[in-house]
1. Among the residues of segment 168-202, write down those that are in contact (Cβ under 8 Å) with a residue 60 or more places away in the chain and over 55 Å from the mean Cα position of the chain (by Cα).
2. Considering only residues that are of a type in the set (A, V, I, L, M) and free of Cβ contacts under 8 Å to residues at least 60 places away in the same chain, look in segment 290-314 and name the one that is nearest to residue 161 (Cα to Cα).
3. For segment 166-278, give me every one of the helices (runs of 4 or more DSSP H) that falls completely inside it and has 3 or more residues that are in contact with a strand residue (DSSP E or B) (Cβ under 9 Å, 6 or more places away or on another chain) and aliphatic (A, V, I, L, M).
4. So, residue 317, is that one touching a residue at least 60 places away in the same chain (Cβ under 8 Å) and part of a helix (DSSP H, G or I) or not?
5. Being at pLDDT below 90 and of a type in the set (Lys, Arg) is the filter here, so list the residues in segment 257-308 that pass it.
6. Among the residues of segment 251-276, count how many are buried (at least 19 other Cβ atoms within 10 Å of the Cβ), of a type in the set (A, V, I, L, M) and closer than 20 Å to residue 210 by Cα.
7. Out of segment 278-324, which residues are acidic (Asp, Glu) and loosely packed, with under 15 Cβ neighbours inside 10 Å?
8. For segment 212-220, does any single residue satisfy the condition of being crowded, with 20+ Cβ neighbours inside 10 Å, touching a Leu at 6+ places or on another chain (Cβ under 8 Å), of a type outside the set (Asp, Glu) and closer than 21 Å to residue 301 by Cα?
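The values are calculated or read from the model by the stated rules, or taken from the named source; none is laboratory data. Computed from a predicted structure; not experimentally measured. Glycine also receives a Cβ, built like all others from the backbone with ideal geometry; neighbour counts cover every protein chain displayed.
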Amino acid sequence: MIQIGTQSFAFSDPVVIAILMGSGIMALILILLFVTMARAGRSARLAEPLVYQMDQVGRSVQMLSDGQQQLTGGLTRVAEAQAASQTNMLHLMEQRLAEVSRVMGENLQGTATRTARSLGDLQQRLETIDKAQANIEKLSGDVLSLQDILSNKQTRGAFGEIQLHDIVLKALPKDSYSLQATLSNGKRADCLIHLPNPPGPIVIDSKFPLEAYEALRNAKTERDLAEAARFLRTSVRAHIKAISDRYIIEGETADGALMFLPSEAVYAELHSNFPELVREGFDARVWIVSPTTCMATLHTMRAILKDARMREQAGAIRKTLKMLHRDVEMVVERVDKLNTHFSQARADLDGIGTAAERAGKRAARLDNFDFEELSPEETATVLPLSKRD
């Protein structure tokens, strides 16, 4: 039983049970509330560091956000700068590429021009080489033909005669020599130069000891060389003797003759290694000449011919000069007469000028009616002017 004031309540009373239950519930709630508050206080105390940390984390996050924004701005500026740099770099690269392309184009063009010029020069050189090759081939054929000609004694003699004829034709007038001239002894000379006396007509005969010279050139041993030298001496001495016997005729030709060698090599060989043959030719009054020395000798003969013809024509020249002097005297006489005529004509012109001047003055006086100055004879013939009625 529960005594509350004047009232008693039993525990089995539903009201008491409800009250007790309510009170218990209230007490439980209070206990729970107290416990909760106590725990909340502890939680609040425990949460203070966490809140502080959360605040610090928030600040850090804010700082990170600000840094991120700054980083974003920096990255934007960096990106813009990088874009501008890339643009400038691309522009510079384009300019550089254009410059390189231009330089390469100019270099390629210059190289192409030089290459084309070099190819043109090479083409010209090749054409020159082709022409030279053709000339060499032609020369080779000519050499072979010349060898064929020189291998035969008759054709070799004709070759020397033709060469002699060409040299004489270039050096002397046509009327100063005769080819294949026949002398009084019946011998025929290759060329006879009509020089005046002295020395008189002189014979030039062509000789070509080619076989002996080739044997000398082709000699391999001392024995072959000695035999070839003996062969050359024999050949040249035979030619000298033949020319001396056939073409030196007293009273008809000059006291000497020329032996023409159509080869400078043979001529040089004789003077270098066989001087005794040259001396023997001098002793026999036969002078050995080559194409070069023959041309020089012929030019000397040309001077002799010119001097002789001048002497032959000296009388005609004096006669012509005398006639020329007479013609000059006649010209002088005619000039004197013409000068006299000119003097007379000049005097007549002076008189005509004086008369014309007087006539002009008189005409001027008549035009001005200036009669006071007229002479009495002239005034008598002047008719007076009558007045009109």
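1. 183, 184, 185, 187 - these are the residues of segment 168-202 that are in contact (Cβ under 8 Å) with a residue 60 or more places away in the chain and over 55 Å from the mean Cα position of the chain (by Cα).
2. 296
3. Numbers: elements: 210-217, 222-247, 264-273.
Helices (runs of 4 or more DSSP H) meeting the threshold: 222-247.
4. Numbers: touching a residue at least 60 places away in the same chain (Cβ under 8 Å): no; part of a helix (DSSP H, G or I): yes.
In short, no.
5. Passing the criteria: 302, 306.
6. Going through segment 251-276 one residue at a time, the tally reaches 5.
7. Applying the first criterion (acidic (Asp, Glu)) to segment 278-324 yields 280, 283, 307, 312.
Matches in segment 278-324: 283, 307, 312.
8. No, the conditions are met nowhere in segment 212-220.
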